[in-house]
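Below: the structure, in structure tokens.
The values are calculated or read from the model by the stated rules, or taken from the named source; none is laboratory data. As the structure is a computational prediction, the values presented were derived from the model and not from experiment. Cβ coordinates were reconstructed from backbone atoms using ideal geometry, including for glycine residues, and neighbour counts include every protein chain displayed. Side chains included, ligands, DNA and RNA excluded: accessible areas come from the protein's heavy atoms. Shrake-Rupley method; radii C 1.70, N 1.55, O 1.52, S 1.80 Å.
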Amino acid sequence: QLQASGGGLVQAGGSLRLSCTASGGTFSTWSMGWFRQAPGKEREFVAAIAWSGGVMYYADSVRGRFTISRDNAKDTVYLQMNSLKPEDTAVYYCAASRTVILSSLLRSQSYAYWGQGTQVTVSS
């Protein structure tokens, strides 16, 4: 089970940190990802981190502004979001994957479990 938190309302240029805590499994063996879905749009990849923490992927739209990290001792993955823009407004979902092909972490089909989502709203 994945529980996402940390969303909220922030002004453009501000920051938020999302957290996603896992329960019921061996978190350190799962690669983790963040996706987002804006109203009327498809769910899109945001960032992913391999189970080891040594490989990260970012969407071009967030690279340099967002940072994904994980703390296996706390069974938690984080998404630090800086320099937020109104176009970052969406529901953000965390997800867990057992794929051995790390490049496939960019695809939602690679994830077996999903959190409930947390709303991020960036005002202009």
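Is there any pair linking a residue in region 46-65 that is in contact (Cβ under 8 Å) with a residue 12 or more places away in the chain to one that is part of a loop (DSSP other than H, G, I, E, B), with Cβ under 6 Å and at least six apart or on different chains, and which? Partner pairs satisfying both residue conditions: Val46/Ala59; Val46/Val62; Trp51/Trp30; Arg65/Asn82; Arg65/Ser83. When residues in region 62-104 are screened for being hydroxyl-bearing (Ser, Thr, Tyr), farther than 19 Å from Gly7 by Cα and open to solvent by 40 Å² or more (accessible area, probe 1.4 Å), 1 of them pass. Among the residues of region 1-32, those that are among the small types (Gly, Ala, Ser) and under 23 Å from Val122 (Cα atoms) comprise Ala4, Ser5, Gly6, Gly7, Gly8, Ala12, Gly13, Gly14, Ser15, Ser19. Number of residues in region 33-61 that are open to solvent by 10 Å² or more (accessible area, probe 1.4 Å), part of a strand (DSSP E or B) and either among the acidic types (Asp, Glu) or more than 20 Å from Ser124 (Cα to Cα) (or both) equals 5. For the subset of region 105-124 comprising residues that are in a loop (DSSP other than H, G, I, E, B) and open to solvent by 30 Å² or more (accessible area, probe 1.4 Å), which member is farthest from Arg65 (Cα to Cα)? That would be Ala112.
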